[in-house]
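For reference, the structure is listed below as structure tokens.
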Amino acid sequence: MDSTRAPVAFGRWDVPLLFGRLQQPEAAERLRSLASLCDLMRDPERLYRTVTGGFLEQLLDLLKDEDPSVRSRTCELLHLVTAHSIGRQAVLSSSLLPPLTQLLDDSSSSCRINTLRVLNRLALLPAGAESLLYLVPQLMLKLQQQDKDDGDDGDEEEVLLLSTISCCSRLDALPALASDGVSLLGRKLTRRSPEVRREAAASLMELSIPVEGKRQVCEGAVLPVLIGLLQDEDLDVRTNAAGVVMHAAIITEGKLRCLHLDVVPVLLDLLSRQPEEDERSKALVLYSLRALTALAEAPGGRRLLLEQLPLLARRTEDRDRDIRRAAQTAVRVVTWTP
Amino acid sequence: MASSSHGHRHSNGLYTFSSRPRPVENSRDPSSERAEYNYGNIMYDRRVVRGNTYARHILPTTAQPDPAETQKQIIKKRATARKQAWKQLRLTTPVALQGRKHIDVQTELYLEELSDNIVATHKECQTDAFLDKPSTPLFIPAKSGKDVGTQIEEGELFDFDREVQPVLEVLVGKTVEQALLEVMEEEELACLNAQQRAFEELRHHELAEVERLQEQERRHTEEKERRVAQQKEVLKKERETAEKIAARAYTQQYLADLLPAVFTSLRSHGYFHDPVEKDIEMNFFPWLMAEVDNILEKRYIAREMLDTIICDVTEKSLEEFQELETQSPRNWQI
């Protein structure tokens, strides 16, 4: 038999027995039981039985265990539990969140990563994002710490942190803005790994939805970096950067700054470069069109875009309905006279 | 009265009695007629015993002894008396002669010592404490029968490769099933993720559109308001200037003949004065008047004095005349 896994009982007794084994004083025994449980939890039926049997409360003690591998395995187990909505609801309604947040500052990195994974999954749910909103300042602090030790292995943590922050900010961006999110994320935009850049740009996009965020984005030195990112290799990074530009260009100050930074040709270039049938570049095309529409409301932008009208007109015959609509709006705004 | 007697079988449909339960009859009242049972409350019956019964003198139920009982007792007494008498009548050994004693002697074959002392010795017996029960010896039955040996050679019992196939199939099948489940789960998650992402993108760009339109509206309304405010300002200014002009013209016209009027009124109020004239008026005239007053006062005083003198004189003359008159009529009467 596999020595890293505890033996599993048959039928309905498997989960309760393994949970009973978790009370044993030996750490190795607990680790083996946790490994078996992780395997079992992929089955939705067992997951349902675990959740309704109220076994999750026993994980509370395990989260404060001395052995770091036990802790990280427990977080992995929770990660599997949150794969289903019933598990997510159970975790949210139980008192497991405070110990989890304590584990964020744990010494072992695998434990931290697993905790972040759990929080990430929880944040995908709107109710979860609401519960995790109070954590956003702490997460921002952690991001700042990550900034200081600029290593390649901290990337996964950063990615998870950033994606959790962006999910929470989708609900309410004010806590992140209050803890100086814009400048912090602006620094992250220049990291080496494309995932970090993508997630940072996505978080910035969420943050730039309220007016305060837009103003901060325009005031800070973030816009030039974003416009540089518009020519990044990764498609998602480009998409998210275009999204941020789109949001920022809505307020007047944003318009002026964007025009000042000469963003119109870049966007037009993006539009003309995309192959028309690519499914994933649809978002990029949409965002660029909307950004151009916003910029066309300023007289300078309108003048520039009047010259490029045929390019926009070409997009109005696109197959996709949304792109067509967006292009029509753009053309209408460009040709509007007071 | 006891119409219901023993042995009366009364069928109720449910139950049959050999002796139907009936209530206790009250003491017979000879005067009243008996048509039906007249039973009284058993609690108030004088015949029922009340209270503790362990200390009561139990009277025999009947006052006189039963004759049958007495007969039996008498018979018993007679039997015991008879037995006693018979015992006494039995032949006993005659009394010993004088000087001799009867002694009991054993006449059996073997003499026995008869003594009252019973030889008794104490003997104790006790099982050993904590002695384990010795293990039962192994029961080895005696050997019987013939010795026979056997051995299973390889390949005789079953063919491993053939037999292991179904087991393997089950194992592999289960593993594959589990793997498929996990893969499907991941696919489902990825699908959900993709859907979420698509929704997010749509939401973002619709949001951007909405915000842009909002901004546009806001700007337009602001612009409109500013223009309207400007217009209002202009109108107000125009009105003000018109009013100012009108006011100016009016005041000018009003003030035109104000000036001479003012002057005249001032002059009439004596604000323009000749200082010499004023001085004369202020200083000289009062003094003059005062002097005139004095002089006139003196004249008055003089006049008054004259008046008083004249008055005195006339009074005196009147008196004199009166005196003269009193004298004269006398004179006249003569």
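Restricting attention to the range A:255-270, which residues are in a helix (DSSP H, G or I) and more than 10 Å from every other protein chain (Cβ to nearest Cβ)?
Matches in the range A:255-270: A:L256, A:R257, A:C258, A:L259, A:H260, A:V264, A:P265, A:V266, A:L267, A:L268, A:D269, A:L270.
Looking for something under 31 Å from the mean Cα position of the chain (by Cα), part of a helix (DSSP H, G or I) and surrounded by 14 or more Cβ atoms within 10 Å (Cβ to Cβ) - is there at least one such residue anywhere in the range A:297-308? Scanning the range A:297-308 turns up no residue that is under 31 Å from the mean Cα position of the chain (by Cα), part of a helix (DSSP H, G or I) and surrounded by 14 or more Cβ atoms within 10 Å (Cβ to Cβ).
Going by the conditions given, is A:A221 more than 20 Å from A:A123 (Cβ to Cβ) and within 14 Å of chain B (Cβ to nearest Cβ)? Spelling it out, it is not the case that A:A221 is more than 20 Å from A:A123 (Cβ to Cβ) and within 14 Å of chain B (Cβ to nearest Cβ).
Of the numbered criteria (1) in a helix (DSSP H, G or I); (2) in contact with a Lys or Arg (Cβ under 9 Å, 6 or more places away or on another chain); (3) among the aliphatic types (A, V, I, L, M), the one A:L312 fails is (2).
Could you tell me whether the range A:181-203 includes any residue that is at pLDDT 80 or above, under 21 Å from B:Q214 (Cα atoms) and not β-branched (V, I, T)? No; the residues of the range A:181-203 include none that is at pLDDT 80 or above, under 21 Å from B:Q214 (Cα atoms) and not β-branched (V, I, T). Residues that are more than 14 Å from the chain's Cα centre (by Cα) and small (G, A, S) do occur in the range A:142-162.
Scanning the range A:236-246 for residues that are in contact with a Leu (Cβ under 7 Å, 6 or more places away or on another chain) and either closer than 13 Å to A:R197 by Cβ or of a type in the set (K, R) (or both) turns up A:V237, A:R238, A:T239, A:A241, A:V244.
Each residue in the range A:92-116 was checked for being in contact with an Asp or Glu (Cβ under 8 Å, 6 or more places away or on another chain) and in a helix (DSSP H, G or I), and 6 of them qualify. Pairs meeting the criteria (first residue in the range B:183-204 and within 11 Å of another protein chain (Cβ to nearest Cβ) and within 26 Å of A:A248 (Cα to Cα), second residue among the hydrophobic types (A, V, I, L, M, F, W, C) and not in a helix (DSSP H, G or I), beta carbons under 9 Å, at least 6 apart or on different chains) are B:H204/A:I209. Within the range B:33-92, if we keep just the residues that are modelled with pLDDT under 70 and among the hydroxyl-bearing types (S, T, Y), the residue that is farthest from B:R22 (Cα to Cα) turns out to be B:T62. Among the candidates A:V70, A:V51, the residue that is without any contact (Cβ under 8 Å) to a residue 60 or more places away in the chain and within 21 Å of A:E26 (Cα to Cα) is uniquely A:V70. Condition first: under 16 Å from A:R215 (Cα atoms) and basic (K, R). Now tell me which residues in the range A:225-278 satisfy that. Hits for the range A:225-278 are A:K255, A:R257. Taking the range A:188-252 as the region of interest, the helices (runs of 4 or more DSSP H) fully inside it that hold 1 or more residues being hydroxyl-bearing (S, T, Y), in the same structural domain as A:L161 (by the TED database) and crowded, with 23+ Cβ neighbours inside 10 Å are A:194-207, A:235-248. In the range A:78-87 there is no residue that is surrounded by 23 or more Cβ atoms within 10 Å (Cβ to Cβ), more than 21 Å from B:L192 (Cβ to Cβ) and away from every other protein chain (no Cβ under 14 Å). Residue pairs whose Cβ atoms lie under 9 Å apart, sitting 6 or more positions apart in sequence or on different chains, and linking a residue in the range B:212-224 that is at the interface with another protein chain (Cβ under 10 Å from one of its Cβ atoms) to a partner that is among the hydroxyl-bearing types (S, T, Y) and part of a helix (DSSP H, G or I), are B:R212/A:T293; B:R212/A:T329; B:E215/A:T252; B:R219/A:T252.
Being more than 13 Å from chain A (Cβ to nearest Cβ) and surrounded by 10 or more Cβ atoms within 10 Å (Cβ to Cβ) holds for only one residue in B:Q165, B:Q178, and it is B:Q165. Taken over the range A:213-256, the criterion of being more than 22 Å from A:L177 (Cβ to Cβ) and either free of Cβ contacts under 8 Å to residues at least 12 places away in the same chain or touching an Asp or Glu at 6+ places or on another chain (Cβ under 7 Å) (or both) is satisfied by A:G228, A:R238.
Within the bounds of the range B:278-291, is there any residue that is touching a Leu at 6+ places or on another chain (Cβ under 9 Å) and modelled with pLDDT under 90? The answer is no; no qualifying residue exists.
The values are calculated or read from the model by the stated rules, or taken from the named source; none is laboratory data. It should be emphasised that the depicted structure is a prediction, and the values quoted were computed from it without experimental measurement. Ideal geometry is used to build each Cβ from the backbone, glycine not excepted, and the neighbour counts take in all protein chains shown.
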